[in-house]
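Encoded as C-alpha cells, the structure appears first; notes follow it.
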Amino acid sequence: MAKLLEGKIALVTGASRGIGRALAQRLAAEGATVLVSARSLDTAGQYAGTLRETVALIEAVGGRAMPLVADIENASDVDGLVGRAVDLAGGLDILIHSGGKAEYAHTAEMPLEMFDRTIQHYLRAPFALVQKAVPEMRKRGAGWIVVLGSVTAQPPGRPYDEWATYGGATVYAAIKAAVHRMTQGLAAELLPDNIAVNTLAPSTAIRTPGAVDLIPEEYPSERIEYIVETGLALCHLPARERTGLTAYSLHFPLAHKLPVHTLDGRERIEDPVIPPYAHPAIVASGEGS
C-alpha cells in the first residue's frame, strides 16, 4: 500500500524525546524522510533521550531519519537549521516545531531570563523557522507547518481552581495563546502558496520526560499516540482542505473519524475518550482557539 508521506521530507524539532520523537516516528512510518533535531546527539542532558536513539528507533522498523544537532536557545542554530536540513535531504515539505521546555513560575516573581527563554522556545523559534521554511516549500509547490500549542492557552475556568491560582503557568499559557493566533494568521497568509499551517495540542496532559515534573502524580494523562495521529493528519492534505486549525489530540480524531495507530503505523489502537475534566471551550473540529 502507498504510504501517506512517501517522498516527503520533514524536519521535527525537539525530537530526542517525548512528543517530538513520537511524531518523527509516525511520520517516518508513513514514508517521510525525517530530519530530527534537538541538542542531544549521543548523550542525554537533564532528561533521558538522544537523537541517535530516535534515529535507531525509526531505522529499526524500516524508516529513514537523520540527526541535526541544534539548540533552540541559540538564535544562530535556529536560523541555520532549515538550510542545513535542505542541504542534507534536498528539500523540505513538512516542518514541525515541537521543541521547548516549559518553565512555570508566578508572573510577579518570574525571573526575566525565564520569561525570555519561554518566548525564545515557543514564539521566536517557530517564527524564525517558518521564515526559512516557507521559501523552500514554495519551491516544491506545497508545504505543511505544525506548531505545538497547549490547552493552557484556553482561559482558566471559573471559579479558579488551585492550578490556576498556584500553578505558575500564566506566562507559558499566554505565549502558547500567541502561538495559536500566529498559526491562524499564517494559515491565511500562506494559503495562496498551498502551505498548510496548523496548531497541534494535547487535550489534557501527556506524561513526557520534559513535562513529568509539571504533572501531579494523581493527574491522569493521555496516550501519546493520540497527539501523534492528530499531527500526522495535519501533514498531508492540501492547504485548501485543512489549514488554520487548532487540533486537540483527543477531540480531533473523534471529530474527523480518524483511526489511531501505534507509532510504527502497524496496529490500530482504541479510539480516544474525552474525559469530563477536558476544557469545555475546546472546539473538536479544530476550528477554534
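The values are calculated or read from the model by the stated rules, or taken from the named source; none is laboratory data. Every value quoted in this text rests on a predicted model; they were computed, and no experiment measured them. Note that we place each Cβ from the backbone using ideal geometry, even for glycine, and neighbour counts take in every protein chain shown. Protein only, heavy atoms only, side chains kept; ligands, DNA and RNA dropped before computing areas. Shrake-Rupley method; radii C 1.70, N 1.55, O 1.52, S 1.80 Å.
So which of GLY49, GLY45, GLY7 is in contact with a Gly (Cβ under 8 Å, 6 or more places away or on another chain) and open to solvent by 20 Å² or more (accessible area, probe 1.4 Å)?
On the way: GLY49 fails: open to solvent by 20 Å² or more (accessible area, probe 1.4 Å); GLY45 fails: in contact with a Gly (Cβ under 8 Å, 6 or more places away or on another chain).
On inspection, the qualifying residue turns out to be GLY7.
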note = Per the filter on region 140-169, residues outside any loop (DSSP other than H, G, I, E, B), closer than 25 Å to LEU5 by Cβ and touching a helix residue (DSSP H, G or I) at 6+ places or on another chain (Cβ under 9 Å) are GLY143, TRP144, ILE145, VAL146, VAL147, LEU148
request  = Show the residue pairs that are 6+ apart or on different chains and have beta-carbon atoms under 9 Å apart, the first residue being within region 141-165 and over 24 Å from GLU222 (Cβ atoms) and touching a residue at least 12 places away in the same chain (Cβ under 8 Å), the second being of a type in the set (D, E, K, R) and surrounded by 12 or more Cβ atoms within 10 Å (Cβ to Cβ).
outcome  = GLY141/ASP193; ALA142/ASP93; ALA142/ASP193; GLY143/ASP93; GLY143/GLU136; GLY143/ASP193
key: Matching entry among ILE72, ILE58 (being under 13 Å from VAL34 (Cβ atoms) and within 19 Å of the chain's Cα centre (by Cα))   = ILE58
ask   = Can you name every residue in region 265-286 that is surrounded by 12 or more Cβ atoms within 10 Å (Cβ to Cβ) and acidic (Asp, Glu)?
value = ASP271
query = Of the residues that sit in region 77-121 and are of a type in the set (Gly, Ala, Ser), farther than 18 Å from VAL134 by Cα and over 16 Å from the mean Cα position of the chain (by Cα), which one is least open to solvent (accessible area, probe 1.4 Å)?
reply = ALA105
task = Tell me, please, whether a residue that is open to solvent by 30 Å² or more (accessible area, probe 1.4 Å) and in contact (Cβ under 8 Å) with a residue 60 or more places away in the chain can be found in region 172-183.
result = yes
Close pairs from region 259-277: first under 15 Å from PRO220 (Cβ atoms), partner part of a loop (DSSP other than H, G, I, E, B) and hydrophobic (A, V, I, L, M, F, W, C), Cβ under 6 Å, at least 6 apart = PRO272/LEU250; ILE274/LEU250
